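As structure tokens, the structure follows; a few thoughts come after it.
The values are calculated or read from the model by the stated rules, or taken from the named source; none is laboratory data. All figures in this text were calculated on a predicted structure; none of them were measured in a lab. Neighbour counts are summed over all protein chains in view; Cβ atoms, including those assigned to glycine, are modelled from backbone coordinates with ideal geometry. In case anyone asks, the SASA skips ligands and DNA or RNA and just uses the protein heavy atoms, side chains included. Shrake-Rupley method; radii C 1.70, N 1.55, O 1.52, S 1.80 Å.
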Amino acid sequence: MLTAGIDLAAESAGTALAVIEWADGRARLIDLRLGVDDAAIVAVASAGDIAKLGIDCAFGWPDEFVAFVSGHADLTVSDPSVEGGMAWRRTLAYRETDRFAREVTKRWPLSVSTDRLGLTAMRCAGLLRRLAEAGVDTDRAGAGDIAEVYPGASLRLWGFDTTGYRRDPNRRRELLTVLRVRAPWFDLAEAHAELMVASGDAFDAVIAALVTRAAARGLYIPPPADVAERATREGWIALPTGLFESLIG
């Protein structure tokens, strides 16, 4: 099995790609790159040997936000539900999967409709279209060839201390040391390891590829039945279940 992880940014310059090979009770990081454009991502995902592609970005917007923007643009319609209060705004700011992630992780993901993440999500929308045109099953709820992943939250669920790792290369080096101790089965070339320390984007791409292994094996929390159809529009974060060590099982 091969799994790929993408730390997506609004531009190629901040985007990283990682590919992990899983075989014979071992895992090997065989590709790690920075500055990845959509064409390179599509080429990897559509090559036929990738079991699943994990992307660190929201796949869609909250249903309520989409309805609000559409209605607000129609000047002939007055909607009494649009009242501007904090509780109402929260329904527009967060997707169902964000609220679920908040319950599980005790932290809010970034809001795709009110944070700069929206710019990256706009790029992601174009990427999903290109992947679909290349024959990739882009089911946003995670049942197809792609999964929406959340590296930081996944690390915390696996019991890693993620404090400051996105900003501080020393923290990334410490976290990588702990990861290697817990995963002696994970072969990291030294050049790849140094790139993970130097770049938070590269680090998260590798974690995304690890999380995608969990998603590919069904070791994640799927959308509950009552929000399954909604998740096909908004997206669904594949939060891993089980121990980190179970990835190699």
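For the chain, the longest principal axis of the C-alpha atoms and the axis of helix 117-133 are separated by about 80°. For Glu83, project a label point 7 Å along Cα to C-beta. Then give me every residue of region 92-134 with its amide nitrogen under 18 Å of that point. Inside the label zone: 92-93. Tilt of helix 96-105 relative to the longest C-alpha principal axis of the chain, in degrees (0 to 90, nearest 10)? Orientation of helix 96-105: about 50 degrees from the principal axis. Applying 1/(1 + (r/R0)^6) with r as the Cβ-Cβ distance of Arg116 and Glu21 and R0 = 41 angstrom yields a FRET efficiency of 0.75. The C-alpha atoms of the chain define a longest principal axis, and helix 200-216 lies at about 90 degrees to it.
Would you give the gap between the C-alpha center of region 1-39 and the C-alpha center of region 127-198, rounded to a whole Å? Measuring centre to centre over Cα atoms gives 9 Å.
For Leu117, the solvent-accessible surface with a 1.4 Å probe is about 40 Å², rounded to the nearest 10. Per-residue extension of 0.36 nm, minus the Cα-Cα distance of Asp74 and Arg99, leaves a gain of 6.1 nm for this segment. Projecting label points 7 angstrom from Cα along Cα→Cβ for Glu174 and Asp63 puts them 4.3 nm apart. Taken over the alpha carbons of the chain as equal point scatterers, the Debye sum produces base-10 log I(q)/I(0) values at 0.10 Å⁻¹ of -0.47. Full extension of the chain between Ala125 and Ala183 yields a length gain of 17.5 nm, computed as 0.36 nm times the residue separation minus the alpha carbon distance. By a 1.4 Å probe calculation restricted to protein chains, Trp61 has an accessible surface near 60 Å², given to the nearest 10. Expressed as a whole percent, the accessible surface of the chain that belongs to carbon and sulfur atoms is 54, based on a 1.4 Å probe. Among Glu194, Glu133, the order of accessible area from largest down is Glu133, Glu194, computed with a 1.4 Å probe on protein heavy atoms.
Once the 1.4 Å probe is applied to the protein heavy atoms, the chain comes out at 45 Å² accessible per residue. Our estimate of slack between Arg167 and Glu11, defined as 0.36 nm per intervening residue step minus the Cα-Cα distance, is 54.3 nm. Distant-in-sequence amide contacts of Tyr220, defined by a placed amide H-H separation under 5 Å and a gap of 5 or more residues or a different chain, comprise Thr241.
Between Ala47 and Ala134, the distance separating the two model label sites (each 7 Å from Cα on the Cα→Cβ line) works out to 1.0 nm.
In this label model, Lys106 and Arg33 are separated by 4.0 nm, measuring between points 7 Å along each Cα→Cβ vector.
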